[in-house]
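A quick write-up on the structure given underneath.
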Amino acid sequence: MLTLVIAFIAGGFFGAGLFVSGMTDTTKVQGWLDVFGAWDPTLAFVMGGAMIPMAVAWLIRRRRTMALNGTPLPPPASTKIDSKLILGSVMFGMGWGLVGLCPGPSIAALSYGGTGLYVFVAAMVTGMVVAPVLRARLDRAVPAE
């Protein structure tokens, strides 16, 4: 139960931060990505501001094996750069550039986003369900690198 309460509070802060920073505003995000046009650099401060507490969290994580709620922390993620990472990054970037939203902000904007956002979230969830199945089939068909 404590884990759910912590997750709810953390998710609330995350969603509020996305809203306040403008990350749920598709025009602001697309303005950030329009480097050679009407570039809006304000999201650079949002990203920079997010990196500072994350760097602190990574430093703390190095010294801990258990979370504050007593559950074991998962092992650090792989740093291997492979075709899966590159393909996922390209697909994420294309979606972010075309729509102006990524998964977190799209969920945060659900309460006021309208039909287009609902279609995007439905497509995103479908992709999240289909991708592992497709990946497993591709891994069986084509040997690993």
Taking the criterion of being farther than 30 Å from residue 134 by Cβ and in contact with a Pro (Cβ under 9 Å, 6 or more places away or on another chain), would at least one residue in the stretch 34-50 satisfy it? no
Pairs where the first residue, in the stretch 113-132, is modelled with pLDDT of 85 or more and the second is outside any helix (DSSP H, G or I), C-beta under 6 Å, 6+ apart: 117/109
The lone condition residue 89 fails out of (1) within 22 Å of residue 31 (Cβ to Cβ); (2) out of contact with any helix residue (DSSP H, G or I) (no Cβ under 7 Å at 6 or more places or on another chain); (3) part of a loop (DSSP other than H, G, I, E, B) is (3)
Go through the stretch 26-42 and give me each residue that's assigned to a loop (DSSP other than H, G, I, E, B) and more than 13 Å from residue 96 (Cβ to Cβ). 35, 36, 37, 38, 39, 40, 41
Checked 136, 123, 77 against criteria (assigned to a helix (DSSP H, G or I) and surrounded by fewer than 12 Cβ atoms within 10 Å (Cβ to Cβ)); the one match is 136
Residue list for the stretch 108-118, restricted to those being closer than 21 Å to residue 10 by Cα and touching a helix residue (DSSP H, G or I) at 6+ places or on another chain (Cβ under 7 Å): 108, 109, 110
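The values are calculated or read from the model by the stated rules, or taken from the named source; none is laboratory data. All of these numbers come straight from a predicted model, not from anything done at the bench. Backbone-built Cβ (ideal geometry, glycine too); neighbour counts: all protein chains shown.
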